[in-house]
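Peer 1: Following this message is one structure expressed as structure tokens.
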There are 2 protein chains.
Amino acid sequence: MNRIVAVLGRGLVPADTPLLRADDLGAVRGDGVFETMHVRAGAPWLLDEHLARMINSADRLDLDLPPVTDMIELARQACSAWPHTEEGALRLVCTRGPEDGGPPTVYATLAPVSPKLKTYRAGGVAVATLPLGVTTHARTPAPWLLGGVKSVSYAMNMACQRWAVRNGYDDALWLSTDGYALEAPTSTLLWQVGGELLTTPTSTGVLAGTTARFVLDRAGDVGLTAGEKLVTPSELLGSQGVWLASSVRGLVEITAIDGAALPTAAKTRSLQDLVSYPV
Amino acid sequence: MNRIVAVLGRGLVPADTPLLRADDLGAVRGDGVFETMHVRAGAPWLLDEHLARMINSADRLDLDLPPVTDMIELARQACSAWPHTEEGALRLVCTRGPEDGGPPTVYATLAPVSPKLKTYRAGGVAVATLPLGVTTHARTPAPWLLGGVKSVSYAMNMACQRWAVRNGYDDALWLSTDGYALEAPTSTLLWQVGGELLTTPTSTGVLAGTTARFVLDRAGDVGLTAGEKLVTPSELLGSQGVWLASSVRGLVEITAIDGAALPTAAKTRSLQDLVSYPV
């Protein structure tokens, strides 16, 4: 299936249509917000939760997101052209628009899930820890640092993933300067200690993971309780399972951290069943 | 004068021409580099220096910048439509282009200097210190954090400036967690202690300021020597002058830090004469 593009107020346009002006603040300042969703059976999964996070991101950037009904309609338009039998990655984008004022630029893209991400579901990922340069408590009292905001300013996230791949890993896992694992550049960290399924508290400035939240809220279905904690990489190595969760990849087991192999996690399959991604 | 847009390989296009695709990685990931230059007498000032920095930024992002001769021609095309009598702000942009591969998106915009920046040259700016959450030594050993890279992922830079303005300041001045002043979101810090004109070392991860470098290299012309140091806000308050330098604003005196007024800097006018911006 080819990429689909829908533009607010215009509907579907060919994917190669030029859309943003040269001075769009999304392009020249990374000044915009986005969300990515998994499309299954022709509809975006957890749309309400993603839109709630997008509204929060826009608020944090003083950005005028269109009414939520318009965003839902935009998502629907994009999905209307997508086969119900194929999974997809839907992205909603809202930038601040042209530099000299004018309305935000609002659109959706819908594309196939990358084959690489799909293989991670079955085979897991080896990650490299990468220092993020901040402490676990630096970002919450400093809202201007945009902790927890999903802006389109992802150059550093992408650079971390490129660094990991260039050095023989599948992905990166960010560490705080005080030694805790935070999140990955495009996914949330989950791990199991005994009967508890854990994630990093958002007070550290990590993004509130939508897929991770879904899993944590249903931890009881697989015999686990849910919680939040700070965790070090060595504690992760001694845990009963470590995963990355994101809307497009779903739930992926971490098989090694900095080259140290993790024992196979017994709960991977049952956690993946909770989120129902094709494996 | 209205905004001008020139596109690599296409030449001048109307400024409101849609240019970037919906999936351009510049727009959806802030994955691109840029430079901004002062246009005077119809030509970009310090073009070679800005292009050298842009090449370095692109290298750091593993991004294929077109040959420098093409970038020079692009800048020339934009400036060809600009009146020699008017100053302007030229921006060169190179993004990673469409998500599924394809060439980088490369273009130039040229627009008037904002009236607000012009008033700062004569009247100075009051700044608020804002913690950046990193230490002075965090970024150099962690190249994936993109210290010193001028990417288009400026959402946080813009958020800091908005925070400053919303709280009654003109601009922000970033502080490291170990208490040193680093740079401003879109300009370089300069200050004078006795006969020395100083700036922050780039080993802290600050951007290597092109305009600041020009001034420092000519400090002797105004009876000063040039150096690099770490400085605290309280040391700045006791200095003989504090300035912000950037390509579009030129050299602007800081008149107050966090509400504490600084004595008038004796050297402001002679330093501004070095860079020859209209005041």
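Quick note: the coordinates plus some simple rules give every number you see, no bench work behind them. None of these values were measured; they are calculated from a predicted model. Positions of Cβ are generated from backbone atoms using ideal geometry, with glycine treated the same way; all protein chains shown enter the neighbour counts.
Peer 1: Taking a virtual spin label 7 Å from the Cα of A:M1 along the C-beta vector, which residues in segment A:82-108 bring their backbone nitrogen under 14 Å of it?
Peer 2: Of the residues in segment A:82-108, A:82-91 have backbone N under 14 Å from the label point off A:M1.
Peer 1: Please compute the average number of Cβ atoms from other chains found within 10 Å of each residue's Cβ in peptide A:36-42.
Peer 2: Shielding by partners across A:36-42 averages 0.
Peer 1: Go ahead and collect, in residue order, the members of segment A:194-233 whose backbone nitrogen is under 11 Å from a label point 7 Å along the Cα-Cβ direction of A:A266.
Peer 2: Those under the cut-off are A:194-195.
Peer 1: Quick one: grab the alpha carbon gyration tensor of segment B:1-148, order the square roots of its eigenvalues as a ≥ b ≥ c, and give me rounded if a/c is under 1.5, else prolate or oblate depending on whether a/b is larger than b/c.
Peer 2: Oblate, because a/c is 1.5 or more while a/b does not exceed b/c.
Peer 1: Then there is this: To check my understanding: the extent here is largest minus smallest coordinate of the Cα atoms along each principal axis. What are those three numbers for segment A:1-43, in Å, largest first?
Peer 2: 37, 21, 20
Peer 1: Please say if segment B:187-256 is rounded, prolate or oblate, where rounded means a/c under 1.5 for a ≥ b ≥ c the square roots of the C-alpha gyration tensor eigenvalues, and otherwise the choice is prolate for a/b larger than b/c and oblate otherwise?
Peer 2: rounded
Peer 1: Based on other C-beta atoms within 10 Å, arrange A:W174, B:W45 from fewest to most.
Peer 2: Final ranking by Cβ density, sparse to dense: B:W45, A:W174.
Peer 1: Can you sort B:C79, A:C94 by how many other beta carbons sit within 10 Å, fewest first?
Peer 2: Result, fewest neighbours first: B:C79, A:C94.
Peer 1: Would you mind checking which residues have amide H under 5 Å from B:W174's amide H? H placed 1.01 Å from N; only 5 or more apart, or other chain.
Peer 2: Close amide H contacts, sequence-distant or interchain: B:L130, B:L182, B:E183, B:A184.
Peer 1: How far is B:E73 from the same spot in each other copy, in nm, shortest first, if each label point sits 7 Å from Cα toward Cβ?
Peer 2: In ascending order, 4.6 nm.
Peer 1: Related question: Which loop GluC sites (Glu not before Pro) in segment A:3-96, with loop taken from DSSP, have no more than 10 other Cβ atoms within 10 angstrom of their Cβ?
Peer 2: Answer by residue number: there is no such site.
Peer 1: Place +1 on the Cβ of every Lys and Arg and -1 on the Cβ of every Asp and Glu in segment A:32-85, take the dipole about the Cα centre, and give the residue among A:G32, A:L47, A:V68 whose Cα lies farthest towards its positive end.
Peer 2: A:L47
Peer 1: Right, next: At 222 nm, what helix-only mean residue ellipticity would chain B give, in deg cm²/dmol to the nearest 500, using -39500 (n - 2.57) for each DSSP H run of four or more?
Peer 2: It lands at -7500 deg cm²/dmol.
Peer 1: Among A:122-134, B:210-222, A:145-157, how do they line up by average Cβ neighbours within 10 Å per residue, starting with the highest?
Peer 2: Descending packing order for the listed peptides: A:145-157, A:122-134, B:210-222.
Peer 1: Residue by residue through B:133-145, how many Cβ atoms from other chains fall within 10 Å of the Cβ on average?
Peer 2: Taking all residues of B:133-145 together, the mean is 5.
Peer 1: For A:I55, place a label point 7 Å from Cα along the Cα-to-Cβ direction in every copy; what are the distances to the other copies, in nm, shortest first?
Peer 2: 5.0
Peer 1: Here's something else I'd like to know. Compute the relative contact order of chain B as a whole-number percentage, counting only Cα pairs closer than 8 Å that sit 6 or more residues apart in sequence.
Peer 2: Once divided by the residue count of chain B, the mean separation gives 19 percent.
Peer 1: May I ask you to order A:57-64, A:177-184 by the average number of other C-beta atoms within 10 Å around their residues, highest value first?
Peer 2: Put in order of decreasing packing, that is A:177-184, A:57-64.
Peer 1: Roughly what angle does helix B:68-80 make with the longest principal axis of chain B, taking Cα atoms, 0 to 90 degrees, to the nearest 10?
Peer 2: Roughly 90 degrees, rounded to the nearest 10.
Peer 1: Each label point is 7 Å from the Cα along the Cα-to-Cβ direction; what then is the distance between the points at A:A43 and B:E196, in nm?
Peer 2: 6.8 nm
Peer 1: Using a label point 7 angstrom from Cα along Cα-to-C-beta, what distances in nm, from shortest up, separate B:P263 from the other copies?
Peer 2: Between copies, matching label points for B:P263 lie 6.9 nm apart.
Peer 1: Over all residues in A:262-271, what is the mean tally of Cβ atoms on other chains that come within 10 Å of each residue's Cβ?
Peer 2: Mean number of neighbouring Cβ atoms from other chains: 0.
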